[in-house]
Structures are given as structure tokens and as C-alpha cells.
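So the structure is just underneath, and the comments pick up after that.
The values are calculated or read from the model by the stated rules, or taken from the named source; none is laboratory data. The shown structure was predicted, so the numbers you read here are calculated from the model rather than taken from an experiment. Note that we place each Cβ from the backbone using ideal geometry, even for glycine, and neighbour counts take in every protein chain shown. Heads up: the accessible areas ignore ligands, DNA and RNA and are worked out on the full protein's heavy atoms, side chains in. Shrake-Rupley method; radii C 1.70, N 1.55, O 1.52, S 1.80 Å.
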Amino acid sequence: MLDEAHYIKNHTSQTARAAFALRAERRWVVTGTPLQNSPDELFALLHFLAPSKFTPAASEAFAAEKIDSEAKCARLRDMLQ
């Protein structure tokens, strides 16, 4: 369980890299801080939770995606399931 998960919102930070390197069967994140600056912040949390699904290679595509239509919202929902 990663409390204060907003500390890894910059996925290139030393703290984030250390968290990503932890081995665990299950992962949880807890944060009371809103993620509002960029999709990268959300991606960092998703990468921690499901590193095989949200790979660093997918980071750029995820960040570039503008959620400006119902179809794109549906695609994001599919990714998150």
C-alpha cells in the first residue's frame, strides 16, 4: 500500500522509480491530493498499480490523449478495467 501516493505523480522522480521497483502481489494507492495538472500524474499511479499494463512506453501516448469525446472516455474506461 502506497500512502501519500501523490509523491509519485512525477513518474521520472527518484521516489517514483523506487516505488515502481517494489515487488508486490497486490498494490493500493491512497492520496488525498487531487491529480489535476496532467494525465502524466494519473499515469504514474496507474503504472504503480498495474506496471505490466501501463508501461513507460505507453506513457507518451497516454499523456497525449485528449479526453474530448465519449469514444475517448470509453477507451480510457476500457484501459482502466
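The residue that is most open to solvent (accessible area, probe 1.4 Å), among those in the range 40-54 that are modelled with pLDDT under 85 and either over 24 Å from residue 1 (Cβ atoms) or not in a helix (DSSP H, G or I) (or both), is 53. Answer with yes or no whether residue 58 is at pLDDT 90 or above and assigned to a helix (DSSP H, G or I). Answer is no for this residue. Out of 77, 17, one residue alone is at pLDDT 75 or above and open to solvent by 60 Å² or more (accessible area, probe 1.4 Å). It is 17. In the range 54-81, the residues that are among the hydroxyl-bearing types (Ser, Thr, Tyr) reach residues that are modelled with pLDDT of 70 or more with C-beta atoms within less than 6 angstrom, at least six apart or across chains, in these pairs: 59/43.
Within the range 4-31, the set of residues being without any contact (Cβ under 8 Å) to a residue 12 or more places away in the chain and part of a loop (DSSP other than H, G, I, E, B) comprises 12, 13, 22, 23, 24, 25, 26.
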